[in-house]
Every structure is written in C-alpha cells, then in structure tokens.
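So the structure is just underneath, and the comments pick up after that.
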Amino acid sequence: MNRRLLKKIAAKTGFGLLLAAIMLFTVFPFYYAIVTSFKSGSELFSIDYWITSFNLENYQAVLGQSSFVSSIWNSILVSTSAVAIAMLFGLTAAYALGRVHFRGRGTVLMIVLGVSMFPQVAVLSGLFEVIWAFDLYNDPLSLVFSYTIFTLPFTVWVLTTFMRQLPKELEEAAIVDGASPVVTLFKVFIPLMGPAMATTGLLAFIAAWNEFLFALTFTLTDDQRTVPVAIALITGGSQHELPWGHLMAASVVVTVPLVVLVLIFQRRIVSGLTAGAVKG
Amino acid sequence: MVMAEPTVTSANTDAGELSLARSVPPARRHNRVHRQRLFAAWMFLIPMLVVLAAVAGWPLMRTIWFSFTDASFSDISTYSMIGFENYLVYDNGAWYGVLADPSWWRAVWNTLFFTVVSVGAETVLGLIIALTLNAQFRGRGLIRAATLIPWAIPTIVSAKMWGWMLHDQFGIINDLLMTLGVIAEPLNWTANSDLSMWAVIMVDVWKTTPFMALLTLAALQMLPSDCYEAAKVDGIHPVRVFFRVTLPLIYPALMVAIIFRVLDALRVFDVIYVLTSNSEDTMSMSVYARQQLVEFQDVGYGSAASTVLFLIIALLTISYLYLGRKQFGGDA
C-alpha cells in the first residue's frame, strides 16, 4: 500500500516536472526578451532571470524611430492585402474543389500543394524581373503580389478541407430550389464559412507578417521595409555593439499582438493547422 | 411538408422556370444541373489558376531561363545566352559552375544535415509534448496555449532572441551552463564553426516543435479509445502500448507532418541568414542562391543554384507522392 502510494507520488512529480520543462522550453525565450527589453545601458550586461528594472527607454527609442513605425504600417498593409487577395480567389476555388466532383480535381489540388511547397528562392529572379517590369521595386505592393505565392495555395488548401466538412444536404436543398452555383456559394456556403475563413485568414496573415526573403530582396529603403526586415537590419557599429535593448523592445512590440491573437484564437488555429496538414 | 412550402411559393413567382424543369425528364435534368456545376467549377477555378501561374509558374520559368544566361541583378533586361556554363563548364583545365563549386556542395550538405537533425529532433520532442498534452490534467489549456507561442513568433524575431541568449559574453545560456558547471568558459555559439550549425538547429527546433506537437496531438485525439481499454484490461505496459498501438496508428498523420517539415527545412533561409549571416559553416542552399543573386549580382549563376534546389525539392516531392500513392492504394 505504501509502495503504491510512493510510486503514485513519484509518477505525479515526474509528470509535473515534464510539464514545467515544456512550459520553460516554450515560454522562456520570449520571457527573456521581455526582461531584456526593460533594461538599458550597462544593465544589459548583467544577467538576470527576473525583471529587475522597468525602464521604457528602449521602447521609446524604437517607437520614436519613424522608419520602424512605417515598417509596422507596411507590414499591416501588405499582410492584410495579401490575405484579402488570397480569400477572394481562394473561396471560389475551394468551393469548386471541395464540393464539385470533376475530372482533373486531383491534378489541380496537386498543383496547389506543389506551389505551397515551392522553395521561394526558386522564383526570386523571375519575380524580380516581373516587379522590375511593373516598376514595383522598393514598393510594398511588390510584396502584396509576391506573397500571393504562399497565401493563395494555403488558403485554397485549408478552405477546401473546411468546405468538404459541410453537410451535403445544404447543397442538395439549394439545387432543388434551382439555385445556381454562384448563388449556392454566396448565399449558402459563405455565411457558414465564417469561422473557417477567420481561421484561414489569421494563419495566412501570420505567414505574411513573418515573411522575410521577399521583403529583404524587393525593398531597399528603410521606410519601405516590413517589420521582420526592419528588425533583422537593426545594427550597431559591429557585432558586439548591436543595440540588444532596442532589438528586444522591437521584437516584443511586433510579437505581442501576434501572441495575443494566437492565444485568443488558439482553438481555431489548431483546427486550421490540422486541416491544412493532416488531411493532406 | 414544412420543407415544401418555400418551393411552392417560388413556383408561384417563377412558374415558367419551374414548368420547364418539370417537362424535362429527371435524368436529363440532373445532367443539365451537373453540367452547369462543372462549368461553374471551372469558372471558379480559372482565376485562382491564373493568379498562381502569374506569381509562381511564370517566375519559375523565368528563373530557369535566366540560369542559362549571364544576366545581372543591376540590369536584368540585357543578357546573353551562355548555355550550361552556370551549371558546369570546363575551361582552361578547370571545372567551373555551380556543380563544380565546393561552397555549393557545402551548402547542400549543410541543408541536408540541418533538415535531418532538426526535423528528427522536432518529431521526437513534438511527440513527447503531444503525448503529455493528450493526458487529462488541470491547466492543460494553459500549456497548450504556451506551446503556440514559439510558433506565432516571427522566425526573424526568434533568431534575434536566441542570438541574444546565445551571446558569447552576455548570453544567458553560457551563464546557465557555467553556473551548472557544464562548460568552463563561455562559448561563441554563433561564430564558432563547430557550434554555429547546432545553434541554428536549436532555434529551429524551438520554433517549429509546436507545429509538430499540435499535428501529432490532433492525430492522437482521433484514435479510438477501445483498443487502449483492451490493452489496459490485459495489463500491457504503457511503453509497449505506445510502440505497438499508438505509433502505428498515428504513423500516417505523423508522416504527413514530417514531409511538410522536411520540405520546409530544405528551403530554410531566414533563421540561418539572421543568426549567422553568410557564414560558410551554416550556409544553406537558399542562402547560397540568394547571395549569388543579390549580393554578387549574378542572376544567371544564382538562378542556376535556385533551379538545382527546385529540382531537388521537386524530385523529393514527386517520389514521395509516387511512393505514397503506391502505399495507400491510389487514393493519395
């Protein structure tokens, strides 16, 4: 009896330690960035595990920099537009792929999946030429255009999965009533797709917000950058002079909204991620 | 009966349409509806396919085209064809081109090493986290939310955050390891050629393990509970149950997640570029191609490297699809 109790306690402690380790592993780097962002001057060079000072100097410096603020606006503009375009073309395509049986559907799905697996660098020079031809170099619009390469296939893929899950009876009723496919899509399906669209849109938004390679290559001046490039290019005189306090403050500023969004919509996000991959 | 009412109303307002539908035999009417739907399906698909062709198909073709030219980044409109010289050429007793460049092969090796090690570690860690989260305990929602944090943080930001934690003089990791007595003096994680790849892998594992964990967790939650009850009744050890029951059952879903991650890891760029910039020790194929393209302004050569990378990934994808189709009996 006593040994069994002991064993149970040991198992519980072990499990608790495992949970603590997982928690520490996932949260600590972000927590440490917050700790660092409140330090200034020489405080940065003493290692503390807790928040020891509460200095907003780094935040003031970062947000007082007009190019950083404009990079936030650029990121919002680019990500929102890229998601809107993907939704526009993705919803209709997902209806066709998810609800209609036709020859070549498998091929179209394979093309969509293939494009989402594309190494971005493989289209870099071709896209650069297109962007140059349309005079979009160093213009955030070039990013709206190029981000479609990953937001659109992703949106189509996930929305198709969600479309398939809707009951067949809905559509049969619409057909019996003589509704055309366009009416069926807009009057029957889209109203039901709200949650799925929110999930997909959020995931596509995060992907666009985090994109780096295109943003680094297709923009040149500080006021046209997006947030990831702006952060990557914060530099000091040399590697040892990197303004780590500013860097961490900037990191926290651009990450907190994402983390809040993710925590609010966590169930949705999980369902979206699994719809995108597991059903593949 | 209740359902029929709206139809009657619409028959009154639109009697002509309905009587036409009535006069056509049911089979042909069904056929007409089907044809209409097929037509609509393609009308819905064509805009999406046109956009994909514009943002992906055309640029890819142009990249392949450029790989046979000597185009330069500063003026991409004037170039001449030089055949396979960007790939491989024998000139004055020596081989030149991407395929003869030791740096390229180093980048290929780095990418493969990175892919195998980080995806392997992510799979194992993801499985452990997923199995933990699959248990019933208080605060489970909290932990699951916490695992989403690394996933939500932009790769650039996580690379910078880790760059700071791994700082050779003021980094917390060195401090921790020295306090614990694991190392005697601080390590220069991102600049030391033996360590920098491991630093990159560490950051990537941190960032993408949540993705693996969530996909694995989703697979675990779809498992039927009856075989577990049977195993429990039979008194089979949990470890044995895991390897004999759980793993085979989640294997297909796990494989899909692994394939997604492998294809993603093969094109890795951001984390390496930010953490160790253009260091030879960690350079991946994408970093190599971009360096040639943008920094050395050699669009032709860079495009050749990009094309080779594209071919490697395409080959892997096609062979996976082919094998998968064979394995799952044509319903891939």
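The values are calculated or read from the model by the stated rules, or taken from the named source; none is laboratory data. Quantities reported herein were computed from a predicted structural model and do not represent experimental measurements. When we count neighbours, we look across all protein chains shown, and the Cβ atoms used for this are built from the backbone with ideal geometry, even at glycine.
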Subject >> Where a residue in region A:154-183 is in contact (Cβ under 8 Å) with a residue 40 or more places away in the chain and its partner, wherever it lies, is not in a helix (DSSP H, G or I), with Cβ under 6 Å and at least six apart >> reply: A:THR161/A:LYS279
Subject >> Of residues in region B:287-301 being facing another protein chain (nearest Cβ under 7 Å) and touching a residue at least 60 places away in the same chain (Cβ under 8 Å), the one surrounded by the fewest Cβ atoms within 10 Å (Cβ to Cβ) >> reply: B:VAL294
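Taking the stated definitions as given, is B:TRP189 at pLDDT 90 or above and not small (Gly, Ala, Ser)?
no
Within region A:143-156, is there a residue that is of a type in the set (A, V, I, L, M, F, W, C) and surrounded by fewer than 16 Cβ atoms within 10 Å (Cβ to Cβ)? If you could, list the steps in order and put the result at the bottom.
Keep residues of region A:143-156 that are of a type in the set (A, V, I, L, M, F, W, C), which gives A:143-145, A:149-150, A:152, A:154, A:156.
Right, trim to surrounded by fewer than 16 Cβ atoms within 10 Å (Cβ to Cβ) and you get none.
No, every residue in region A:143-156 fails to be of a type in the set (A, V, I, L, M, F, W, C) and surrounded by fewer than 16 Cβ atoms within 10 Å (Cβ to Cβ).
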Original post:
How many residues are in a helix (DSSP H, G or I) and under 21 Å from B:PRO186 (Cα atoms) if we restrict to region A:28-60?
Top reply: 9
Subject >> Conditions (1) over 29 Å from the mean Cα position of the chain (by Cα); (2) more than 10 Å from chain A (Cβ to nearest Cβ): number failed by B:LEU166 >> reply: (1)
Subject >> Selection from region A:241-263 of residues that are crowded, with 20+ Cβ neighbours inside 10 Å and in contact with a Ser or Thr (Cβ under 7 Å, 6 or more places away or on another chain) >> reply: A:TRP244, A:GLY245, A:MET248, A:ALA249, A:VAL252
Subject >> Criterion (at the interface with chain B (Cβ under 7 Å from one of its Cβ atoms) and closer than 23 Å to B:SER77 by Cα) met by exactly one of A:LEU124, A:LEU136 >> reply: A:LEU124
**OP:** Out of the residues in region A:83-100 that are within 16 Å of B:LEU38 (Cα to Cα) and facing chain B (nearest Cβ under 7 Å), state the one that is surrounded by the fewest Cβ atoms within 10 Å (Cβ to Cβ).
**Re:** A:VAL100
Subject >> Selection status of B:ALA152, more than 18 Å from A:ALA20 (Cβ to Cβ) and free of Cβ contacts under 8 Å to residues at least 24 places away in the same chain >> reply: yes
Original post:
Under the condition of being among the hydrophobic types (A, V, I, L, M, F, W, C) and surrounded by fewer than 16 Cβ atoms within 10 Å (Cβ to Cβ), which residue from region B:77-100 is nearest to A:ALA133 (Cα to Cα)?
Top reply: B:MET81
**OP:** Looking at (1) more than 8 Å from chain A (Cβ to nearest Cβ); (2) assigned to a helix (DSSP H, G or I), find the lone condition where B:ASP194 falls short.
**Re:** (2)
Original post:
Within region A:189-206, can you find the residues that are surrounded by 17 or more Cβ atoms within 10 Å (Cβ to Cβ) and hydrophobic (A, V, I, L, M, F, W, C)?
Top reply: A:PHE189, A:MET193, A:ALA196, A:MET197, A:LEU202, A:LEU203, A:ALA204, A:PHE205, A:ILE206
Subject >> Lone qualifier among A:PHE89, A:PHE25 - being in the same structural domain as A:THR151 (by TED's automatic domain parsing), outside any loop (DSSP other than H, G, I, E, B) and not polar (S, T, N, Q) >> reply: A:PHE89
Subject >> Checklist (1) exposed (fewer than 13 other Cβ atoms within 10 Å of the Cβ); (2) among the aromatic types (Phe, Trp, Tyr); (3) over 18 Å from A:ALA250 (Cα atoms) applied to A:PHE54, failing item >> reply: (3)
Original post:
What pairs can you find where one residue is in region B:187-216 and free of Cβ contacts under 8 Å to residues at least 24 places away in the same chain, the other is assigned to a helix (DSSP H, G or I) and of a type in the set (A, V, I, L, M, F, W, C), and their Cβ atoms are less than 7 Å apart, with a gap of 6+ or different chains?
Top reply: B:TRP189/B:ALA199
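Based on this model, can you work out whether A:ARG103 counts as without any contact (Cβ under 8 Å) to a residue 24 or more places away in the chain and either facing chain B (nearest Cβ under 7 Å) or among the basic types (Lys, Arg) (or both)? Give the steps one after another, and end with the answer.
Numbers: without any contact (Cβ under 8 Å) to a residue 24 or more places away in the chain: yes; either facing chain B (nearest Cβ under 7 Å) or among the basic types (Lys, Arg) (or both): yes.
In short, yes.
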